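One structure is given here, and the rest of the page talks about it.
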Amino acid sequence: MNVCPEEIRVHNRRKALAAVRRTVLYRSLVSRYTSGKTCIWCGREDHLTIHHTSLDDYRDADTYINALAKGWVMCNACHRAYHSGRILCPICKERYNKYATCYQCMPQERKDE
């Protein structure tokens, strides 16, 4: 697996910040920022979390916590899909895939190709 040094450093910082995600402060802030909101991809109203949008958010614990205010509200399923390189089909909003639309929503002429 080819990974650049910056990605390795970010991965290591994410692991180190796992303890921060378990704190009462972090969980209460996530709860406050997601209250009354919906997932930006699928519109789900439960199992919400905050996606950190910048690599700078992983510098240290204080920056990580303060960055919650500018993060994206996503449900856990969409958040996992985003990190694995998949997107939610914009037509049916039911299936995750690596292409613009899922196979079921794809026009027939494109399926025939």
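The values are calculated or read from the model by the stated rules, or taken from the named source; none is laboratory data. As the structure is a prediction and not an experimental result, all values here were calculated from the model. Cβ: placed from backbone, ideal geometry, glycine included. Neighbour counts: every protein chain shown. Ligands, DNA and RNA are excluded from the accessible area calculation, which covers all protein heavy atoms including side chains. Shrake-Rupley method; radii C 1.70, N 1.55, O 1.52, S 1.80 Å.
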The helices (runs of 4 or more DSSP H) lying entirely within the stretch 13-95 that contain at least 1 residues which are touching a strand residue (DSSP E or B) at 6+ places or on another chain (Cβ under 7 Å) and open to solvent by 30 Å² or more (accessible area, probe 1.4 Å) are 24-34, 76-83
Yes or no: Arg9 modelled with pLDDT under 90, basic (Lys, Arg), open to solvent by 60 Å² or more (accessible area, probe 1.4 Å) and more than 26 Å from Ala100 (Cα to Cα)?
yes
